[in-house]
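Any read-out appearing in this document is the output of simple, stated calculations on the displayed coordinates, not a laboratory observation. As the structure is a prediction and not an experimental result, all values here were calculated from the model. Reconstructed Cβ throughout: ideal geometry from the backbone, glycine too, with neighbour counts over all protein chains shown.
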Amino acid sequence: MASALLIDKYDRVARDLRVSLTDRCNLRCTYCMPAEGLEWIPTPLTLSDEETIRLIRIAVTELGIRQVRFTGGEPLLRKSLEKIIAATKQLQTDEGLSPHTAITTNALGLERRAKGLKAAGLDRVNISLDTLNADHYFQLTRRNRHADVLRGIDAALENGLTPVKVNSVVMPGINDPDIVDLALFAVRRGLNLRFIEQMPLGPREQWARAEMVTAAEILTSLESRFEISAASEPRGSAPAELWNVVDRLNPKIAGQIGIIASVSHPFCGACDRTRLTTDGAIRTCLFSRSETSLRDIMRAGATDAELADIWRTTMWAKKAGHDIDDPNFIQPQRTMSAIGG
């Protein structure tokens with residue numbers, strides 16, 4: 001383990017840091033949290049702006065991180081988001097470049113902040129939109145904010161936060177009939193749509209492996225309207241498998257759509273991610289049952305070198321895969337909103 005990089009025993013190198021800026025969210029998506037919400041992490045236990053920026057700096061300048069994506073909860077709820085992005089953009093990676101920055105957002109409020117986020121140095125956005133049907137959106141999110149998301153997408157495009165990626169979790173019996181309509185919308189607008197298999201990271205009673213809409217079923221739905229072929233470019237560490245699509249009714253409508261099959265076709269072998277929770281814990285995997293806190297040792301006076309060494313040691317112990325299909329798999333204690341997507 002002599003490398004200064006975040007390398008594990010399977011020779012995977014972490015280049016992508018996911019930073020959760022809050023566990024709070026202004027939606028109540030059924031696949032993420034219960035209707036009444038969750039017990040939020042008390043503010044004194046969460047990282048301050050300065051602590052967050054310090055750990056990002058260590059990750060970029062000492063540990064080889066090249067991409068930083070800000071997540072939540074909902075990162076737009078962090079009033080200092082622009083400040084943190086600007087500080088991140090001032091850093092220099094091992095390639096001599098500023099880190100690539102992105103946020104994963106539900107886009108509520110993005111219409112008002114897109115211009116400022118671009119000015120702060122944000123490169124692009126991932127926007128959660130599970131359906132074009134406003135009623136189905138309300139059923140999934142328990143909030144009547146569908147129009148706000150569409151305005152957020154428009155604002156992202158207008159302000160050059162591109163490529164705009166759209167994440168869609170497919171839920172059985174709710175938005176699975178909406179797959180084709182969302183795909184047509186995305187291809188027409190030049191959005192990078194990614195359909196996602198539901199993962200066991202929300203309320204425990206909300207996920208059943210046998211009921212999940214699989215990548216194969218998503219492809220079957222798309223084939224009802226599109227000519228589909230596998231994309232030729234290498235996938236690399238990207239979670240989505242890309243497909244070229246051409247509308248059978250109007251061949252001028254063509255593009256690419258991705259499918260993230262975390263459950264049915266895991267891509268753990270190419271994973272290049274490390275995660276930092278809003279309360280300062282390192283997680284090597286979304287589905288990890290363990291984590292290492294940097295917050296307390298940082299507040300106790302640890303040096304940058306000591307924090308970097310702990311981060312390296314934690315990543316070295318990263319498991320080969322998430323083991324969802326193992327009969328002994330146990331869902332993490334934290335839900336997605338507390339981990340950071």
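General remarks:
- Dipole magnitude of segment 90-168 about its Cα centre (Cβ charges: Lys, Arg +1; Asp, Glu -1), debye to nearest 20: 300
- Cα-centre dipole for the chain with unit charges at Cβ (Lys and Arg positive, Asp and Glu negative), debye to 20: 720
- Of the peptides 299-307, 71-79, 32-40, 252-260, the order by per-residue mean of other Cβ atoms within 10 Å, starting with the highest, comes out as 71-79, 252-260, 32-40, 299-307.
- Kirkwood Rh, angstrom, the chain [1 / mean 1/r, Cα pairs]: 20.5
- Ranking 242, 58, 266 by Cα position along the charge dipole of the chain, where only Lys, Arg, Asp and Glu carry charges on their C-beta atoms, puts 58 farthest toward the positive end.
- Between the Cα long axis of helix 49-63 and the first principal axis of the chain there is an angle of about 90°, rounded to the nearest 10.
- Between residue 249 and residue 317, the simple label model (points 7 Å from Cα in the Cβ direction) yields a spacing of 5.5 nm.
- Based on Cα contacts under 8 Å between residues 6+ apart, segment 16-339 shows a relative contact order of 19 percent.
- Per residue of the chain, the DSSP helices (runs of n ≥ 4 H) give a summed -39500 (n - 2.57) that works out to -8500 deg cm²/dmol at 222 nm.
- Top positive-direction residue, dipole computed over the chain with Cβ charges, set 167, 87, 294: 87
- Isolated cysteines in the chain, defined as those with no second cysteine Cβ under 4.7 Å, comprise 25, 268, 271, 285.
- Lysine pairs in the chain with Cα atoms under 13 Å, if 8 or more residues apart or on separate chains: 4
- Angle between the chain longest axis and helix 179-189 axis [Cα atoms, degrees, rounded to 10]: 80
- Folded to 0 to 90 degrees: helix 146-158 orientation relative to the chain principal axis, Cα: 70
- ³J(HN,Hα), Karplus 6.51/-1.76/1.60, whole Hz, each residue of segment 106-116, x for Gly, Pro: 8, 6, 6, x, 5, 4, 7, 10, 4, 4, x
- Of the residues 224, 77, 40, the one whose Cα sits farthest towards the positive end of the charge dipole of the chain is 77 (charges of +1 on Lys and Arg Cβ, -1 on Asp and Glu Cβ, taken about the Cα centre).
- Kirkwood-type radius of segment 1-107, with distances r between different C-alpha atoms, in Å: 15.1
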